[in-house]
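Could you have a look at this structure, given as structure tokens, before my questions?
The values are calculated or read from the model by the stated rules, or taken from the named source; none is laboratory data. None of the values given here were measured: they were computed from a predicted structure. Reconstructed Cβ throughout: ideal geometry from the backbone, glycine too, with neighbour counts over all protein chains shown. Heads up: the accessible areas ignore ligands, DNA and RNA and are worked out on the full protein's heavy atoms, side chains in. Shrake-Rupley method; radii C 1.70, N 1.55, O 1.52, S 1.80 Å.
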Amino acid sequence: EAQEKCQPSQDFKLQFLRCEVFNADLAAARYASYWKKRVEVFGKEKAFLPMTLDQALADPKIQTAFDMGVMTLLEGVQDPSGRALVYFDPSKYDKSKYTVETIIPALWYVLHAALESVTAQQKGVIFIGDPGRAKFSQFDRAVAKELITSLKGALPIRLSAFHLVHPPAFAKIVIPIVKVFMSDRMRKRICIHSGGEEKVLQEFQAKYGITADMLPTTVGGKYQVNHAKWVE
């Protein structure tokens, strides 16, 4: 159905092969799962439209959820291997402005934007989680489950790492819940950073080659995150 309605390009299909390191069987399975999940996330009317704000995401409620800025691509920076950096700030969640059905399409858009980089397709995507200012009431189990399900078996993303910087005390409750939805491989990609800003920055640079100019100011770096400007 996807082939008929939107005629995916060869470059798009190649993303799935790169994700599965050119294992054709795994790539085919992920490709099939992707379209099944995309129909589930966007509905049949919009699932086969281009992944743009004025087409697949052309819904005021999705736009409102997107504008919260929970997830943003750190445009113009990559790690030394060419991995894309995606910033995730759960303190931006406002439950009066979204539902699971409206926030997941918005998050899909950001992840597709990260995949516009060929090196990100090849090497992977790094998440920089910044939960330090979030409240326990902002944790949304349903959104976490849907997002992880998408990453685990549908989206053609190689999850390189999920860095959590200065997690709050309630993370001891949240992280085990989130891990339930993850594969073993994904669980091993979680890296927790605590301590002073200088210690965290040194850790990022020494272990991962991620310098201060690649990290948001909210975690001690120099990168100014501006979700509204990125959208433009």
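To keep it simple, each residue is scored yes or no on (1) modelled with pLDDT under 95; (2) surrounded by 14 or more Cβ atoms within 10 Å (Cβ to Cβ); (3) in a helix (DSSP H, G or I); (4) out of contact with any Ser or Thr (no Cβ under 7 Å at 6 or more places or on another chain).
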| site | (1), (2), (3), (4) |
| --- | --- |
| Phe16 | no, yes, yes, yes |
| Tyr34 | no, yes, yes, yes |
| Glu45 | yes, no, no, yes |
| Pro50 | yes, no, no, yes |
| Ile62 | no, yes, yes, no |
| Leu73 | no, yes, no, yes |
| Gly82 | no, yes, no, no |
| Ser96 | no, no, no, yes |
| Val110 | no, yes, yes, no |
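Does Lys152 satisfy the criteria of being modelled with pLDDT under 95, out of contact with any Pro (no Cβ under 6 Å at 6 or more places or on another chain) and not polar (S, T, N, Q)?
So Lys152 passes the test.
Results for (1) open to solvent by 70 Å² or more (accessible area, probe 1.4 Å); (2) not β-branched (Val, Ile, Thr), shown as yes or no for each residue.
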position: Thr102; (1), (2): no, no
position: Ala114; (1), (2): no, yes
position: Gln202; (1), (2): yes, yes
position: Gln205; (1), (2): yes, yes
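Restricting attention to region 1-14, report how many residues are closer than 28 Å to Val231 by Cα and either crowded, with 16+ Cβ neighbours inside 10 Å or not charged (D, E, K, R) (or both).
Total meeting the criteria: 8.
Can you find a residue in region 196-207 that is assigned to a loop (DSSP other than H, G, I, E, B) and either modelled with pLDDT of 95 or more or of a type in the set (Lys, Arg) (or both)?
Checked against the condition, which is being assigned to a loop (DSSP other than H, G, I, E, B) and either modelled with pLDDT of 95 or more or of a type in the set (Lys, Arg) (or both), region 196-207 yields no hits at all.
Does Arg133 count as closer than 30 Å to Lys13 by Cβ, out of contact with any Cys (no Cβ under 6 Å at 6 or more places or on another chain) and open to solvent by 80 Å² or more (accessible area, probe 1.4 Å)?
no
Specify which of the listed residues (Thr119, Thr99) is among the polar types (S, T, N, Q) and out of contact with any helix residue (DSSP H, G or I) (no Cβ under 9 Å at 6 or more places or on another chain).
When all the criteria are applied, what remains is Thr119.
When region 18-27 is examined, which residues are found to be in a helix (DSSP H, G or I) and open to solvent by less than 60 Å² (accessible area, probe 1.4 Å)?
Answer for region 18-27, where residues must be in a helix (DSSP H, G or I) and open to solvent by less than 60 Å² (accessible area, probe 1.4 Å): Arg18, Cys19, Ala27.
Those residues that are among the polar types (S, T, N, Q) and within 29 Å of Gln10 (Cα to Cα), I need them from region 136-169; list them, please.
Hits for region 136-169 are Thr149, Ser150, Ser160.
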